[in-house]
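The values are calculated or read from the model by the stated rules, or taken from the named source; none is laboratory data. Everything numeric in this text was worked out from a predicted model, so none of it was measured. Positions of Cβ are backbone-derived with ideal geometry, glycine not excepted, and every protein chain shown enters the neighbour counts. For accessibility, only protein heavy atoms count, side chains too; no ligands or nucleic acids. Shrake-Rupley method; radii C 1.70, N 1.55, O 1.52, S 1.80 Å.
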Amino acid sequence: MTDVLTDALRRLDEVADLVEIDPEVIERLRYPKSSAQMAIPVRMDDGSLRVFEGYRVRYDDTRGPTKGGVRFHHDVDLNEVKALAFWMTMKCAVVDLPFGGGKGGVTCDPKDLSRLELERLSRGFVQALYDVLGPETDIPAPDVYTNPTVMGWMTDEYSSIERRHSPGTFTGKPVELGGSLGREDATGRGAYYCIKELERIEGWNPADTTVAVQGFGNAGQHIAGLLHDDDYRVVAVSDSRGGIYRPEGFDVPSLVQTKNDTRALRAVYCEGTVCELVEAEMITNGELLELDVDLLIPAALDGVITADNAGRVQATTIVEVANGPITSDADRTLAERGVTIVPDILANAGGVTVSYFEWVQNRSGLSWTLDEVHDRLAEVMRREFGAVHDLATELGVDLRRAAYAHALTRLGAAIASKGTQTWFRDEPNRPKRYVEGSTS
Ligand code: NAD
């Protein structure tokens, strides 16, 4: 099986011919700018010492400081972090943020750590990485199994080392520590705005549209909740232990409530103090992906739809809320069947967009209202979804290729403006006055 980074970089070759882009730009984007791998020693509650492995990759910072989440998961390795940082680079360009792409991770199982151990690990990550972090260099955010609390600890640790308040170094912080209103549901909400655009273009009737969501964490819960509020029929959801399926659809707020109270995914509906367990079929995560639904939303981990199971996926539309859930081989199979895929670098860009709003607020000393955040996010997502959709139509390609072409046009112009071989050879375009000026 192709590794995740090689597979991610294939997307560059797939679009290199679609846009006018200097081959040097493509070559530059095959390699991350820098990759750090560090040991994070943590004193455990029983007095023993455990050393965790951490990573931070700054993929490209041509368009601005590197930006991207930190993942705590037992499968995290450097290669995966590089792929995630590459996707962040593309994503920030798709939605035209003044950021490059980065990503971080720690190989650990956070469910096996106490709250205090998790805090020491989060602070240890910052101690190990302090030199590359900063509001103008590298700005982390939450990702899988990290959340505002973790960002709060990290911000506090960074500010302690700096000996000054430095809120702009992390985003996705608790609002009390300088976080932005609207950051928590931003990833799900951004994907929701994309779905609303598709609904308008395709003429969907929400009540007739069935939805399955893999991953019922931050992103998955919010997209399921927003669609439920609009009368979409959310018929299946899952977490790391498996899923539940009910053809009539679920009351999503009840699922969220039970999941957050008990950490279990069960269809328990309560009215006052009276709770009732609603009948639902237990399914595996693999079965969820193959359900006969209209809209499939992978919102957990990468590489879940592969050449092995793509032929059995029945959904006609897939919105990639997770990063990299579909491998490039699987993409081809799905394309042949005419499945519409809203790619991750567009569909889940709402999170980094509101992170950008948070960074802007931190640096300007302003606080925006929730309505302001929602309006600005809706404007960005509708504008860039529209641009990608139009480009797909113009080029006769799918939305993924169009999104990459859109991102590469912006990134390519930025990288090329720093100088390429063509620039050095191309006499008429050289800024002669500087050459002349330097000899006078
Ligand atoms: P989270 O930790 O809040 O939730 C992850 C969910 O996935 C949990 O419900 C967990 O039980 C489930 N899960 C874990 N392993 C699984 C498995 N093997 N099969 C099925 N489900 C599994 O994380 P999140 O922030 O919601 O992130 C989810 C995805 O969205 C990731 O791919 C992440 O990179 C992407 N994403 C998140 C953000 C953000 O702002 N949080 C932004 C952009 C993209």
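Where the centre of each part is set by its Cα atoms, how far does region 12-41 sit from region 334-396, in angstrom? Computed from Cα coordinates, the inter-centre distance equals 22 Å. Rounded to 0.05, the FRET efficiency of the ILE201 and GLU24 pair, given R0 = 25 Å and the Cβ-Cβ distance, is 0.10. Given R0 = 25 Å, the distance between the Cβ atoms of ASP17 and GLU136 translates into a calculated FRET efficiency of 0.10.
Remark: region 252-305 carries a charge dipole of roughly 340 debye about the Cα centre, counting +1 on each Lys and Arg Cβ and -1 on each Asp and Glu Cβ.
Net length available on complete extension from GLN314 to GLU271 is 11.9 nm, with 0.36 nm assigned per residue and the Cα-Cα distance removed. Size descriptor for region 93-213, Kirkwood hydrodynamic radius: 16.6 Å (Cα pairs only, one decimal).
The order of ARG163, ARG401 by accessible area, most exposed first and with a 1.4 Å probe, is ARG163, ARG401. May I ask you to derive the FRET efficiency for ALA39 and SER417 from their Cβ-Cβ distance with R0 = 41 Å, giving the value to the nearest 0.05? For R0 = 41 Å, the calculated efficiency reads 0.60. The value obtained for region 288-410, namely the Cα convex hull volume divided by the number of residues, is 121 Å³ per residue.
The accessible area of MET44, taken with all protein chains in place and a 1.4 Å probe, comes to roughly 20 Å². Only Cα sites of the chain enter the Debye sum here, all with the same form factor; the resulting log10 I(q)/I(0) across q = 0.10, 0.11 1/Å is -0.71, -0.86, listed in q order. Projecting label points 7 angstrom from Cα along Cα→Cβ for THR149 and ASN79 puts them 3.3 nm apart. In plain terms, the chain from LEU177 to GLU281 could stretch by 33.3 nm, reckoned as 0.36 nm per residue minus the Cα-Cα distance.
Of all DSSP bridge pairs formed entirely within the chain, close to 55 percent run antiparallel. At q = 0.10, 0.13 Å⁻¹ the log10 of I(q)/I(0) for region 32-177 amounts to -0.30, -0.51, computed by Debye summation with a single uniform scatterer per C-alpha, solvent ignored. Comparing ASP251, ASP329, ASP208 in a Gaussian network model of the chain where C-alpha atoms under 10 Å apart are linked, the largest mean-square fluctuation is found at ASP208. Candidate membrane-span-like segments in the chain, meaning DSSP H helices with Cα atoms spread over at least 18 Å of their own axis and a Kyte-Doolittle mean of 0.5 or above, are 78-94, 399-416, with no membrane implied. Quick one: if you stick a label point 7 Å off each Cα along the C-beta vector at ALA378 and ASP251, how many nm between them? Modelled inter-label distance: 2.8 nm. Measuring between their Cα centroids, region 206-243 and region 257-297 lie 9 Å from each other. GNM remark for the chain: springs join alpha carbons under 10 Å apart, and the peak mean-square fluctuation among LYS173, LYS91, LYS259 falls on LYS259. Highest GNM mean-square fluctuation among GLY217, GLY47, GLY396, for the chain modelled with Cα contacts below 10 Å: GLY47. Take the Cα of ARG241, step 7 Å toward its Cβ, do the same at THR262, and the gap between the two points is 0.9 nm.
For region 32-177, give me the percentage of DSSP beta bridges that are antiparallel, rounded to the nearest 5 percent.
Taking every DSSP beta bridge within region 32-177, about 60 percent pair in antiparallel fashion.
Say a site is exposed when it is one of the GluC sites (Glu not before Pro), sits in a DSSP loop, and has at most 10 other Cβ atoms within 10 Å; what is then the longest site-free stretch of the chain? Excluding the exposed sites themselves, the longest stretch runs over 21-247.
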